[in-house]
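A.B. asks: Let me begin by handing over the structure; questions about it come next.
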Amino acid sequence: MLSIILKIVGNYLIVQICIILFILPFYWLYKRKCVQDGEVKINFNRHLEYFFTSKYANWLVFFWAMGEALIWFVIPEFLLILLIFMRIQRKKELLFYDIYGTAIGTLIAFAIQIPERLINKLPYVQPNMVLQVRHWFEAHGIFGLVYQPFSGVPYKVFTHLAPHYHYFFLTFLIFAVIVRISRYYVIYLFLSGIYPVLHKYVYRNYVRLFLIATFIFSVLLLKVYTSYGLNHHIGYVRLLILV
């Protein structure tokens, strides 16, 4: 029991630190501009809202999605879901930057065509994840992408394996975007439904929400990673609304 708790806590700290380090350069650039412009001091929650209405948030979402198609292990929804609860008006615009990032990341994956043995070395990728995606591609062709949003297998496994099957890039990208937008839409409808109940509490607790969301995500990430271990049966579909 103690070893499980330590593993969960350790994984949470790794994920939390990595997320903060990813966000930090974009926030630093924004903060630097605020100092140069002589921004009036405001509370931290409002400050975060201003950050996510800035061009630096555009680039954060863009590189987040691009990285997730290549090596990054935190799904774009993690960021976009948090933004749903913020009092900002440009949430759909940020979704387009997510799509742009996904497109560029997928293009890079197709261009570099890394060997399969290196896919297994990517963060939070199990060898069985690669074998599972191979099974889906071989059984269903490009339509194997349908399993990605709810299977727990990272999108980067699909993007790095796809060139080995000689899929046409544009066809793969269009289908990938359709599948991923479908997942976004389902999550958006759910969260929009509970927004009227939670938004007042969330507005006062952005930092707490971020920490709680990171913990939940890190637990699910660890669960998915271990579920594709040695005991995973290739061809068995695990429906997990995660990666």
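Every number in this text was worked out from the coordinates using simple rules, so none of it is lab data. This is a predicted model, so every value here is computed, not measured. Ideal geometry is used to build each Cβ from the backbone, glycine not excepted, and the neighbour counts take in all protein chains shown.
A.B. asks: Whose amide H sits under 5 Å from the amide H of GLY152, counting only residues 5 or more places off or on another chain, with H placed in the peptide plane?
C.D. replies: Amide H neighbours of GLY152: LEU240, LEU242, VAL243.
A.B. asks: How would you rank VAL157, VAL9, VAL179, going from fewest to most other Cβ atoms within 10 Å of each one's own Cβ?
C.D. replies: Listing VAL157, VAL9, VAL179 from fewest to most nearby Cβ atoms yields VAL9, VAL179, VAL157.
A.B. asks: Taking θ = phi - 60°, what integer Hz values does the Karplus form 6.51 cos²θ - 1.76 cosθ + 1.60 yield along region 69-74, in sequence order, with x for Gly and Pro?
C.D. replies: 7, 10, 8, 5, 10, 10
A.B. asks: Just rank LEU94, LEU24, fewest to most, by other beta-carbon atoms within 10 angstrom.
C.D. replies: In order of increasing Cβ crowding within 10 Å: LEU24, LEU94.
A.B. asks: Okay, next question. Lys and Arg at +1, Asp and Glu at -1: add these up for the other residues within a Cβ distance under 13 Å of GLY67 and post the number.
C.D. replies: -1
A.B. asks: Pick from PRO115, PRO76, PRO154: which is most flexible by mean-square fluctuation in a GNM of the chain where alpha carbon atoms under 10 Å apart are linked?
C.D. replies: PRO115
A.B. asks: Picking from ILE4, ALA103, MET86, whose Cα lies most toward the positive end of the charge dipole for the chain (charges on Cβ: Lys, Arg +1; Asp, Glu -1)?
C.D. replies: MET86
A.B. asks: A further question on this structure: Give the residue from ALA176, LEU191, ILE119 lying farthest towards the positive end of the charge dipole for region 2-227; charges sit on Cβ (+1 for Lys and Arg, -1 for Asp and Glu) and the dipole is referred to the Cα centre.
C.D. replies: The residue sitting farthest along the positive end of the dipole is LEU191.
A.B. asks: Then there's this: Could you work out the local net charge near HIS160, counting Lys and Arg as +1, Asp and Glu as -1, over the other residues with Cβ closer than 14 Å to its Cβ?
C.D. replies: +2
A.B. asks: While we're on this one: Before rounding to the nearest 500, sum -39500 (n - 2.57) across all DSSP H runs of length at least 4 in the chain and divide by the residue total; then give [θ] at 222 nm in deg cm²/dmol.
C.D. replies: The helix contribution divided over the chain gives -24000 deg cm²/dmol.
A.B. asks: Return the aspartates and glutamates within reach of LYS31: Cα separation strictly under 15 angstrom, same-chain partners fewer than 8 residues apart disregarded; answer none if there are no such residues.
C.D. replies: Output for LYS31: GLU39, GLU49.
A.B. asks: Right, another one. With a cut-off of at most 14 other beta carbons within 10 Å, and DSSP calling the residue loop, which trypsin sites (Lys or Arg not before Pro) in region 1-69 qualify? Please list them.
C.D. replies: LYS41
A.B. asks: Along Cα→Cβ, 7 Å out, is where each label goes; now give me the distance between the ones at GLU116 and ASN231 in nm to one decimal.
C.D. replies: So the label points at GLU116 and ASN231 sit 2.6 nm apart.
A.B. asks: Please list, ordered by chain and number, the residues whose modelled amide H lies under 5 Å from the amide H of PHE73; skip anything fewer than 5 residues away on the same chain.
C.D. replies: Those lying under 5 Å, H to H, from PHE73: there are none.
A.B. asks: Is there a quick way to get the dipole size of region 2-227? I mean about its Cα centre, with the Cβ of Lys and Arg at +1 and of Asp and Glu at -1; what is the value in debye to the nearest 20?
C.D. replies: 600 debye
A.B. asks: Also, I was wondering about something else. How big is the gap, in Å, between the Cα center of region 134-197 and the Cα center of region 1-22?
C.D. replies: Region 134-197 and region 1-22 have Cα centres spaced 27 Å from each other.
A.B. asks: Of the candidates GLY144, GLY67, GLY101, which one comes out as most mobile in a Gaussian network treatment of the chain with C-alpha springs shorter than 10 Å?
C.D. replies: Looking only at GLY144, GLY67, GLY101, the largest GNM fluctuation is found for GLY144.
A.B. asks: Could you give the size of the charge dipole of region 55-159 about its Cα centre, using +1 on the Cβ of each K and R and -1 on the Cβ of each D and E, expressed in debye and rounded to the nearest 20?
C.D. replies: 260 debye
A.B. asks: On to the next question. Using a Gaussian network model of the chain with C-alpha springs under 10 Å, which one of TRP28, TRP64, TRP136 is most mobile by mean-square fluctuation?
C.D. replies: Most flexible of the set in this elastic network: TRP28.
A.B. asks: Starting with the fewest neighbours, write out MET66, MET1, MET129 ranked by other beta-carbon atoms found within 10 Å of each beta-carbon.
C.D. replies: MET1, MET66, MET129
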